[in-house]
1. Quote the charge dipole size of segment 1-41 about the Cα centre in Debye, to the nearest 20; the model charges only the Cβ of Lys and Arg (+1) and of Asp and Glu (-1).
2. Let me have the 222 nm mean residue ellipticity of the chain computed from DSSP H runs of 4+ only, each contributing -39500 (n - 2.57), with the sum over all residues rounded to the nearest 500.
3. Simple spin-label model, 7 Å along Cα-to-Cβ: Cys114 to Leu72 in nm?
4. On a 21 Å Cα-Cα criterion, which of the cross-link pairs Lys58/Lys104; Lys60/Lys142; Lys60/Lys96; Lys104/Lys142; Lys110/Lys164 come out too long?
5. If the only charges are +1 at each Lys and Arg Cβ and -1 at each Asp and Glu Cβ, what is the size of the charge dipole of segment 108-196 around the Cα centre, to the nearest 20 debye?
6. As I understand it, the dipole of the chain uses +1 on the Cβ of Lys and Arg and -1 on the Cβ of Asp and Glu, about the Cα centre. Which of Trp131, Ala177, Asn2 lies farthest toward its positive end?
7. What residue among Ile47, Gly157, Gln141 has its Cα farthest toward the positive end of the dipole of the chain, where the charges are +1 on Lys, Arg and -1 on Asp, Glu, each on the Cβ?
8. Nearest 20 debye, what's the magnitude of the dipole of segment 34-90 about its Cα centre given +1 on Lys and Arg Cβ and -1 on Asp and Glu Cβ?
Amino acid sequence: MNRFLRYWTRTEQPCRLRARIVSYADDFVILSRGRAAEALDWTRHAITRLGLTLNEAKTKLKDARRERFEFLGYSFGPHRHWRDGELYLGASPSPKSVARLRQKVRDRLKASHCRRWPEIRDGLNAILRGWDNYFCYGTRQKAHRAIDAHVVQSVRGFLVRRHKVPSRGTVRFSREAIFGELGLLSLSQSCKASRR
């Protein structure tokens, strides 16, 4: 990847293609103003010339003003403002990232069937806090609400089974109890607190 980036700079592609590269490890995105197809052709040629291989399955040409693209767990492109529905260009956690976190929560609760609650709570909070720290950029409110709802549903189901509660447990293990006395981290609440 470093060889490609040096070649990109040495051949003055940023000026010629009116473009920038954003890279992380071996993943990269080329942001171009009006010359994206040309930048893609140049990249294919340069990668081949350097003896590397471009992953065609992950390579896409997108107009970021009209459609979203995913990079490093984020979804970049047009978003709608939740109040007035106006479009703006932004970033948010991708649906895949949210789905992976939900799966981690489910897996953690399955693996914790014989552990004490403080240990389970601390493990879940570490997962939630780590995810929230990584996705600290962009619009997160919708993802936070979805994750909080999933955490409440999963933890409630886990506790109802553990304590053999005859009902669905919505009174005994309410949302307020789960994020309050039981001590789980609410991403929606932590986001509001950090804005103050």
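Coordinate-derived values only; no laboratory data. Please read all numbers here as calculations on a predicted model, not as lab measurements. Ideal geometry is used to build each Cβ from the backbone, glycine not excepted, and the neighbour counts take in all protein chains shown.
1. Numbers: 8 positive and 5 negative charges, 46 e Å.
Dipole of segment 1-41, to the nearest 20 debye: 220 debye.
2. Details: 8 runs with 99 residues, N = 196.
Counting only the DSSP helices, I get -16000 deg cm²/dmol.
3. Here the answer is 4.2 nm between the modelled labels.
4. Values: Lys58/Lys104 25 Å; Lys60/Lys142 26 Å; Lys60/Lys96 17 Å; Lys104/Lys142 19 Å; Lys110/Lys164 16 Å.
Distance filter (> 21 Å) returns Lys58/Lys104; Lys60/Lys142.
5. Numbers: 19 positive and 6 negative charges, 45 e Å.
Dipole of segment 108-196, to the nearest 20 debye: 220 debye.
6. Positive-end residue among those listed: Ala177.
7. Toward the positive end, the furthest listed residue is Gly157.
8. Numbers: 11 positive and 8 negative charges, 9 e Å.
The calculation lands at about 40 debye.
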